[in-house]
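Q: Sharing a structure here in structure tokens format.
Read-outs throughout are calculated quantities, based only on the coordinates presented, and are distinct from any laboratory measurement. What you are looking at is a predicted structure, and each value in this text was computed from that prediction instead of being measured. Positions of Cβ are backbone-derived with ideal geometry, glycine not excepted, and every protein chain shown enters the neighbour counts.
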Amino acid sequence: MPRRRRRANAVTLFAVLLVGAVLGAVALSVFLRAREPGAPPTGSSDLRVEVLNGCGMERVADRVASLLRRGGFRVENVGNADHFHYHQDIVVARTVSREQAMILGRWLDGAVVVEQRISGYPYDVSVIVGKPHSLVDRP
């Protein structure tokens, strides 16, 4: 009798652990999907975008540019900002309204969106990457 009881307890424990692992995986999947940016609004590919590294982390501007391109944005320039001491992401409306630049701001969690008009500037929006974040680690 004790052997059967031990075996039944072991099977029950295994089943409970298996169900818990499956539920945990489902919860994690739902959480991670909720953090993914949505599709860009229609017309966002009309914006000429530059992405600038403002934090000094190697190739971060390239990775953010790739993310934005996959989202339908037209990234035309990738480079370094004027310095590497930016502590947050900044989206700068150069030749468009702040509201139009907000489209990009929604893609970068916590990005500050500002308007700095420069007549004849070659890009509509500048994205200054000022901090490393999980968006650039996606495949």
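Q: Rounded to whole Hz and in sequence order, give me ³J(HN,Hα) for the range 53-69 from the Karplus expression 6.51 cos²θ - 1.76 cosθ + 1.60, θ = phi - 60°, writing x for Gly and Pro.
A: In residue order, the calculated couplings are 7, x, 10, x, 6, 4, 6, 5, 5, 4, 5, 5, 4, 4, 4, 5, 4 Hz.
Q: Taking amide H positions as placed in the peptide plane 1.01 Å from N, state which residues far from Arg48 in sequence (5 or more) or on other chains have amide H under 5 Å from it.
A: For Arg48, whose amide H was placed from the backbone, the distant partners under 5 Å are Asp124, Val125.
Q: Next up: Want the number for Ser119 to Asn9: 0.36 nm per residue separation, take away the alpha-carbon distance, what's left?
A: Answer, rounded to one decimal: 32.1 nm.
Q: For the pair Asp109 and Asn77, how long in nm is the line joining their label points, each one 7 Å along Cα→Cβ?
A: Distance between the two pseudo-spin positions: 3.0 nm.
Q: If each residue of separation counts as 0.36 nm, what is the full-extension length gain between Phe84 and Val26 once their alpha-carbon separation is subtracted?
A: 17.0 nm
Q: What dipole magnitude, in Debye to the nearest 20, does the range 44-137 give about its Cα centre under +1 on Lys/Arg Cβ and -1 on Asp/Glu Cβ?
A: 120
Q: Here's another thing I want to ask about it. Residue-wise, which Karplus ³J(HN,Hα) couplings in Hz belong to the range 80-86, taking 6.51 cos²θ - 1.76 cosθ + 1.60, θ = phi - 60°, and x for glycine or proline?
A: Calculated HN-Hα couplings, in order: 9, 6, 5, 7, 10, 10, 6 Hz.
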